[in-house]
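Single-structure report; data block below.
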């Protein structure tokens, strides 16, 4: 956590050093989704996902700082439901609540971003991970309603990102894999209709226990449609997402409809619908 505080302080220093008026900013809201999808992966069923961010805007919004918390509270089918838990025989693990809490910090300047994400899962601690990311949004070239972007995420710590590195003296040795996810995306907003269409391509450039590939692979192709209604004090979003993992796809793992089956997390075709309220 000390490293997070140092990074947050550095980001704030960058923002506050800008020779422009600084304004307080915040984002708060929550989504209710039919399935928890993360970078194309199925991480759980029906879920409630609140978020709260605070920060500053400077130079007419060209410089932004945000820090806050995102959480996921799922009703069923959690990936980490068995790790480190003592479950009574009569207890149904598919109905167990297994919250996730993420701490987020990022700074953006003229489309370029630097950020830190810390993922905490309420189990035995082996799956807590943290990552650094950098990105660029090309909306300055395409206009505010249409923009391509690229983000690079690399895991820097966490038991969930360990891979075997056996040696003659220590055959059980594991090392950090530094799992990396490169996201290429494009969004276009039809302003008159409050409708946004988006497409994403996710790449894992080397072996990753998080994304399940042993070499360079395309692990996510996603499409999203989002309808937005703006009111005086809040914004309402309704959206649908479809994701396909082309890596290692076969006829047996394209789509598995049996909820509660562990194989569900390995399926290659996922989708969800969601509704969000933001203030």
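The values are calculated or read from the model by the stated rules, or taken from the named source; none is laboratory data. Remember, predicted model here, so these are calculated numbers, not experimental data. Cβ placement follows ideal geometry from the backbone for every residue including glycine, while neighbour counts extend to all protein chains displayed.
Once region 59-85 is narrowed to residues that are within 10 Å of residue 44 (Cα to Cα) and part of a strand (DSSP E or B), the residue that is modelled with the highest pLDDT is 72. When every residue of region 41-51 is checked against the conditions, at least one turns out to be under 19 Å from residue 108 (Cβ atoms) and touching a strand residue (DSSP E or B) at 6+ places or on another chain (Cβ under 9 Å).
Filtering region 123-153 down to residues that are in a loop (DSSP other than H, G, I, E, B) and at pLDDT 75 or above, which residue is surrounded by the fewest Cβ atoms within 10 Å (Cβ to Cβ)? The residue in question is 138. Here is the figure for region 165-201: residues that are loosely packed, with under 13 Cβ neighbours inside 10 Å and outside any loop (DSSP other than H, G, I, E, B) total 2. Within region 202-227, the set of residues being farther than 15 Å from residue 183 by Cα, surrounded by fewer than 20 Cβ atoms within 10 Å (Cβ to Cβ), touching a strand residue (DSSP E or B) at 6+ places or on another chain (Cβ under 8 Å) and without any contact (Cβ under 8 Å) to a residue 40 or more places away in the chain comprises 225, 226, 227. Per the listing 228, 232, the residue uniquely under 25 Å from residue 32 (Cβ atoms), out of contact with any helix residue (DSSP H, G or I) (no Cβ under 6 Å at 6 or more places or on another chain) and part of a loop (DSSP other than H, G, I, E, B) is 232. For residue 158, the conditions (1) at positive phi; (2) buried (at least 18 other Cβ atoms within 10 Å of the Cβ); (3) in contact with a helix residue (DSSP H, G or I) (Cβ under 8 Å, 6 or more places away or on another chain) are fulfilled apart from (3). The condition of being touching a helix residue (DSSP H, G or I) at 6+ places or on another chain (Cβ under 6 Å) and closer than 17 Å to residue 42 by Cα holds for only one of 256, 273, that being 256.
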